[in-house]
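K.L.:
I am attaching a structure below and will ask some questions about it afterwards.
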Amino acid sequence: MTHKERMQLITDAKYPLAAKYDPEWMYENKMGCQCLWLAESLSRIMELKPGMRVLDMGCGKALTSIFIAKEFGVTVFANDLWISPSDGRAQRKVSRQKTEIKDIRSRKVYHKGIA
């Protein structure tokens, strides 16, 4: 797949806020579907106001955390079971955006022998 083809897969005019972000950055850091499209879709039915606090559980590499903080001026508390907070900090540096995102360390919960 060429670079141009990859970039076309993760850009869509239906998501104008997500379209402002570097497609290469999104592609290199995705962990599944186009998470910014999901965050933008949710923002259409949620009332996000500057100063609000948002919990981004399962934030992965913090792409959605960066997006929500930047676009809506909220403070995001980011948490992921599989990605360490230091990886999230690295992603925020890559984004070069002034955002307020706080890392929350996951505690391992043991239930019926499952970590």
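K.L.:
When you go through (1) out of contact with any helix residue (DSSP H, G or I) (no Cβ under 8 Å at 6 or more places or on another chain); (2) buried (at least 19 other Cβ atoms within 10 Å of the Cβ); (3) outside any helix (DSSP H, G or I) one by one for G32, which number turns out not to apply?
P.N.:
Condition not satisfied by G32: (2).
K.L.:
Any residue in segment 76-88 that is farther than 13 Å from D56 by Cβ sitting within a Cβ distance under 7 Å of a residue that is surrounded by 12 or more Cβ atoms within 10 Å (Cβ to Cβ) and at pLDDT 85 or above? List the pairs, counting only those 6 or more apart or interchain.
P.N.:
Final answer for the pair search is D87/K61.
K.L.:
Are any residues in segment 5-18 under 14 Å from the mean Cα position of the chain (by Cα) and not in a loop (DSSP other than H, G, I, E, B), and if so, which ones?
P.N.:
If the condition is that a residue be under 14 Å from the mean Cα position of the chain (by Cα) and not in a loop (DSSP other than H, G, I, E, B), then A18 is the only one that fits.
K.L.:
Restricted to segment 1-39, and to residues that are among the β-branched types (V, I, T) and in contact with a Pro (Cβ under 8 Å, 6 or more places away or on another chain), which residue is modelled with the lowest pLDDT?
P.N.:
Applying the first criterion (among the β-branched types (V, I, T)) to segment 1-39 yields 2, 10-11.
If we keep only those that are in contact with a Pro (Cβ under 8 Å, 6 or more places away or on another chain) as well, we get 10-11.
Details: I10: 77, T11: 80.
So, considering only residues that are among the β-branched types (V, I, T) and in contact with a Pro (Cβ under 8 Å, 6 or more places away or on another chain), the one modelled with the lowest pLDDT is I10.
K.L.:
List the number of the failed condition for L42; all other conditions in (1) part of a helix (DSSP H, G or I); (2) at pLDDT 85 or above; (3) surrounded by 15 or more Cβ atoms within 10 Å (Cβ to Cβ) hold.
P.N.:
(3)
K.L.:
Quick one: in segment 46-83, which of the residues that are part of a loop (DSSP other than H, G, I, E, B) and among the basic types (K, R) is nearest to the chain's Cα centre (by Cα)?
P.N.:
K61
The values are calculated or read from the model by the stated rules, or taken from the named source; none is laboratory data. Quantities reported herein were computed from a predicted structural model and do not represent experimental measurements. In this analysis, Cβ positions are derived from the backbone assuming ideal geometry, glycine residues included, and neighbour counts consider all displayed protein chains.
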